[in-house]
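One structure below.
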């Protein structure tokens, strides 16, 4: 399910004017950029928390704001679900009461959605708890559940993982992936973390000082802007088909098979994982037997100079269009292997180099 | 002091202070909310006017009320066409006490509303609640401790009010004589024991009130975010 989002707004801020103009077919739209680039302001304008100085905001033909027609729907009439970074749970209510307050209608279907959402996000045991006793991850899941039970036409996720530590971030991201795949609510996902955007989104807007500087497929757009020093996280998704000796075999898009650590996984689950470009080796010709569990055939698409190294983007050979994988190598390796667009290579990485994002199974 | 007289003074005092708190609480809470949540031209002037009774001598405030409700005042019999029955009645004592309590209630209520994150209210709007439902279900419950403290402080201020009350309502035993006025009367008559008895009673009341306010304002909230 998708929503058509049309944004053309001017919103004066203290340091810059947010000036966003874009049209996007939203299934999961990423909004990426550094701190202070205007990501949260854009979301708050969509939610009706900030009023643009001029312009229009339309979701699926419904004008949320249109300065020319003097339309400015109040937040309660926009049908938006919002999960901010700090969750903003109402502290005087229990988890259950927070969720009920988020539901616009509590008929039998609403009750069923509430129960299903609580179960999906593993908060069904927390419903009687006060929100003051929740951990950071539990708070984010409750905030997400509260937004979902309102049956929003558009879900806004504003850096929902930013306040969490790395292991918890991976765990909550897995819940977000589950919500994306099972409930299919059109979502705008704000994050300054490129790998999160890659894992979640099928399209991304990149903001800088309040303006859209790039828009397109996350793998392509985010690679172009990747920090040369920091390298780049490859994010891939696939279905667990087998577990053996601590290694899970995944089937990626196009039938490609990859191996990742199996801890906490079970067959039949769809998961995402990340492997850093520094961890991916490229090989040509006969490599003999090696210990790395992943040797994936690919074809080089492009090479980019990133400081002292070269980032090689290669597309995995698959039925149909395979995923893009980046490797960071030295200039000497590029010359020795004769790497150029079109060259056939093997992408080699250890299963243990993969960081798996997975929610607990049931 | 005879117990019957003491009871009468105490009864008048509690009646006047309760009614004054009942008048000042809704007005002060509404004013506190308005000042906390709204921006408008002249806001600082309104804030200053509202704080005036805190710094003006209470006798001066009483005199202004007296002028306002005098026969030829803006709210007097000539202007209204009937006698509002305020001057030298217990209603006058209530009016004077409420006027003196109002700034204290408003300032404390404002601080209580300032302590509620406005984004929690916006989130409630996004969840589909109307502005009034947000005020009732989110803002007021989250500010409840501060608002209860505001009401108690208003009651306490009314309990000890003297200057404005004596000008507007006089010091009429059995009608307008509150405990503060009675202490003044006993001192003037040289009855030190009776005055001390009244001081002991009002000190006990003040202690309970202050203790309650401290508990409300100082105790950590169990349901913090």
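Bear in mind these aren't lab numbers, they're just calculated from the coordinates by the rules spelled out. Treat the numbers as computed from the prediction; the structure is a model and nothing was measured. We place every Cβ from the backbone using ideal geometry, glycine too, and count neighbours over all the protein chains shown.
Compared with the dominant principal axis of the Cα atoms in chain A, helix A:166-183 is inclined by about 70°.
Over segment B:1-93, Cα pairs under 8 Å with separation of 6+ residues give a relative contact order of 16 percent.
Running a GNM on chain A with Cα contacts under 10 Å, which residue among A:96, A:48, A:320 ends up with the highest mean-square fluctuation? Among A:96, A:48, A:320, the largest mean-square fluctuation in the Gaussian network model of chain A belongs to A:320. Taking all Cα pairs closer than 8 Å and separated by 6 or more residues, the relative contact order of segment A:21-147 comes to 22 percent.
Counting beta carbons within 10 Å around each of B:122, A:303 and listing the fewest first gives the order A:303, B:122.
Taking every residue in A:98-110 and counting other chain Cβ atoms within 10 Å of its Cβ, the average works out to 2. An oblate overall shape is assigned to segment A:282-329, the ratio a/c of its alpha-carbon gyration tensor axes (a ≥ b ≥ c) being 1.5 or greater and a/b not exceeding b/c. Rounded to the nearest 10 degrees, the angle from helix B:58-69 to the longest Cα principal axis of chain B is 90 degrees.
When B:88, B:69 are sorted by how many other C-beta atoms sit within 10 angstrom of their C-beta, beginning with the fewest, the order is B:88, B:69. Per-residue ellipticity at 222 nm, computed for chain A from helices alone with -39500 (n - 2.57) per DSSP H run of at least four residues, works out to -6500 deg cm²/dmol. Fewest-first ordering of A:310, B:45 by other beta carbons within 10 Å of each residue's beta carbon gives B:45, A:310. Each of residue B:59 and residue A:107 was given a label point 7 Å from its Cα along the Cα-to-Cβ line. The distance between the two points is 7.1 nm.
Under the classification rounded if a/c is under 1.5, otherwise prolate if a/b is larger than b/c and oblate if not, where does chain A fall, given a ≥ b ≥ c as square roots of the Cα gyration tensor eigenvalues? It is oblate, given that a/c is not under 1.5 and a/b is not larger than b/c. Rg ratio for segment B:102-225: its Cα radius of gyration over 2.2 N^0.38 Å, N being its residue count, equals 1.47.
Entry note, chain B: relative contact order of 30 percent, from Cα contacts under 8 Å with a spacing of 6+ residues. Rounded to the nearest 10 degrees, the angle from helix B:144-159 to the longest Cα principal axis of chain B is 10 degrees.
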